[in-house]
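Worksheet: one structure, shown below.
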Amino acid sequence: MSYLKKLVSLGIMSVLFFSFVGCGGSSSSKSEGAKYPEVVNIGTQKLVEDEMLAIHEGFIEKYFSEKGVKVNFVNFDAGSDVNVALASGSIDFGNVGSVPLATAASLGLDLKLIWLHALIAESEALCVKDGSGIKEVKDLAGKTLATPVASTSHLTALKVLEEAGIKDQVTILDMKPADIVAAWSRGDIEAAYVWQPALGELTKDGTILKSTADLLALGTVTADTGVVRTEFAEAYPDLVACYVAAMIEAGDVYRNSVDDAANILASQLNLSKEVTLSQINGNKWLSPEEQLTATFFGTSENLGNLPVILKETADFLRDQEAIETSPELDYFESVVDPSYIEEAIKILGR
């Protein structure tokens, strides 16, 4: 079993074990006679995306408070950590990259994909330290590359190395973004594939060789996704639709004024406006109408291409021995659910 397979499998399975003996369990379990849970736990990541806008503007609380539901936001550093929390039931919603999602689904974590926060482009990239002598990707042969394992950055890093013909000649070092920045500053590493805002810190004395945008142009789609535990979605489908409606409202802030969105996110994430604008432009934010096209979710009657994208991602992870098996396409078709976007559009009267 590969290191990645052990890391993900043991992480999720250990939490499932402890939840059985009383250390887990979601606060959103239905109380007897109650229509809604008292508290909904939402796992977030500090990314320049619609969810952070929705939190700042109070869009999520607005919908949930109308139903007498409190919201608790829990921040995580990587999608693999979100997966573990989802597996334990300690959170109900999560923001994860498409790679952690494909990994979790393949390991049997029962989730629904309900929203695409952003398509990843320039916001994730391979950066090498100035003066390292690494001028192109093939120069990484025999060296070490830091990246958060089981993330979108990890997937695209492997594809970049594969394209250069050196995938088996580079050692992958598993590090979270904050640890990458610290190790880079100490001079411990000289190459990393990571996302913003950590990427912005590396580029202060580093050079980008490849970005995820290069792979997106070739048809490799990675995204930050909104997911929910299937048990929660089936119990409270209207709360799930309200969450999506909040994301749509946040996206409208961006679509109506990128400048306003940048000001809000810069303040919330303690970034400069210049850096924030760069990160906003480094991803593609899709409208709900775009998400319901055949390229992505499709509709409840005719699913789009997202199940195929997840299946191809899982196949790649299996080929890398990150997971043992890749489920059949119909399994991923059961994960992708456009109905909550469709209902959110109705809520908003669009």
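The values are calculated or read from the model by the stated rules, or taken from the named source; none is laboratory data. Every value quoted in this text rests on a predicted model; they were computed, and no experiment measured them. As a convention, Cβ positions derive from the backbone with ideal geometry for all residues, glycine included, and neighbour counts pool all protein chains shown. The accessibility values were calculated without ligands, DNA or RNA, using every heavy atom of the protein model including side chains. Shrake-Rupley method; radii C 1.70, N 1.55, O 1.52, S 1.80 Å.
Computed about the Cα centre, the dipole magnitude for region 168-324 is approximately 340 debye when only Lys and Arg (+1) and Asp and Glu (-1) carry charge, each at its Cβ.
Given a 1.4 angstrom probe, I'd like the percentage of the accessible area of the chain that is carbon and sulfur, rounded to a whole number. Spell out each step's value before the answer.
Values: 7080 of 14460 Å².
That fraction is 49 percent.
Using +1 at the C-beta of Lys and Arg and -1 at the C-beta of Asp and Glu, which of Ala250, Ala235, Gly219 has the Cα lying farthest in the positive direction of the dipole of region 218-262? Toward the positive end, the furthest listed residue is Gly219. Summing charges over neighbours of Asp92, with a neighbour being any other residue whose Cβ is under 10 Å away from its Cβ, gives 0 when K and R count +1 and D and E count -1.
Give the shape of region 169-320 as rounded, prolate or oblate, defined through the alpha-carbon gyration tensor: a ≥ b ≥ c are the square roots of its eigenvalues, a/c under 1.5 means rounded, and otherwise the shape is prolate if a/b is larger than b/c and oblate if not.
Numbers: a/c = 1.93, a/b = 1.32, b/c = 1.46.
Since a/c reaches 1.5 but b/c is at least a/b, the shape of region 169-320 is classed as oblate.
Between the amide H of Val74 and those of Ile42, Gly43, Thr44, distances stay under 5 Å, these residues lying 5 or more places away or on another chain, with hydrogens modeled in the peptide plane.
What is the sum of charges around Phe332, taking Lys and Arg as +1, Asp and Glu as -1, for the other residues whose C-beta is under 14 Å from the C-beta of Phe332? Computed value for this residue: -4.
Roughly how big is the chain's charge dipole about its Cα centre, with Cβ charges of +1 (Lys, Arg) and -1 (Asp, Glu), in debye to the nearest 20? Each step should come with its number before you reach the end.
Values: 27 positive and 50 negative charges, 114 e Å.
So the magnitude is around 540 debye.
Just the accessible area per residue of the chain, please: how many Å² with a 1.4 Å probe?
Value for the chain: 41 Å² per residue.
Among Ser257, Ser98, Ser88, the largest mean-square fluctuation in a Gaussian network model of the chain, built with springs joining Cα atoms closer than 10 Å, belongs to Ser257.
Quote the convex hull volume per residue of region 36-190, based on C-alpha atoms, as a whole number of Å³.
132
With Cα atoms defining each centre, region 198-230 and region 54-100 are spaced 21 Å apart in the structure. Applying the criteria of a DSSP loop state and at most 14 other Cβ atoms within 10 Å to the GluC sites (Glu not before Pro) of region 98-151 yields Glu136. Summarising the amide proton neighbourhood of Thr299: residues at separation of 5 or more, or on other chains, whose placed amide H is nearer than 5 Å comprise Gly304.
Taking only the Cα atoms of region 75-146, the ratio Rg/Rh comes out at 1.12, with Rh defined as the Kirkwood radius.
Across all directions of projection, what mean area in square nanometres is found for the Cα convex hull of region 42-88? Mind dumping the intermediate values first?
Numbers: hull surface 14.4 nm².
Across all orientations, region 42-88 yields a mean hull projection of 3.6 nm².
Taken over the C-alpha atoms, region 212-258 has Rg and Dmax values of 15.0, 41 angstrom.
Of interest is the spacing of the C-alpha centroids, which for region 292-346 and region 111-139 amounts to 23 Å.
Under 5 Å from the amide H of Leu173 lie the amide H atoms of Leu145, Ala146, Thr147, each residue being 5 or more positions distant or on a separate chain, with H modelled from the backbone and absent for Pro and chain starts.
What shape does region 230-350 have by the C-alpha gyration tensor, where a ≥ b ≥ c are the square roots of the eigenvalues, rounded means a/c under 1.5, and otherwise prolate means a/b greater than b/c and oblate the rest?
On the way: a/c = 2.18, a/b = 1.36, b/c = 1.60.
The shape class here is oblate.
Peptides 218-228, 295-305 ordered by packing proxy, namely the average of other Cβ atoms within 10 Å per residue, highest first: 218-228, 295-305.
What is the local net charge at Lys311, summed over the other residues whose Cβ is closer than 12 Å to its Cβ (Lys, Arg +1; Asp, Glu -1)?
Details: positive: Arg318; negative: Glu312, Asp315, Glu328, Asp330, Glu333.
Within the 12 Å Cβ shell, the charges total -4.
At each listed q (0.20 Å⁻¹), what is the log10 of I(q)/I(0) that the Debye formula gives for region 110-225 modelled as equal alpha-carbon point scatterers? Summing over Cα pairs of region 110-225 leads to -1.05.
Among the listed pairs Lys62/Lys204; Lys70/Lys204; Lys46/Lys67; Lys143/Lys311; Lys46/Lys311, which are separated by more than 29 Å between their Cα atoms? Walk me through the intermediate numbers first.
On the way: Lys62/Lys204 39 Å; Lys70/Lys204 41 Å; Lys46/Lys67 27 Å; Lys143/Lys311 31 Å; Lys46/Lys311 27 Å.
Listed pairs above 29 Å: Lys62/Lys204; Lys70/Lys204; Lys143/Lys311.
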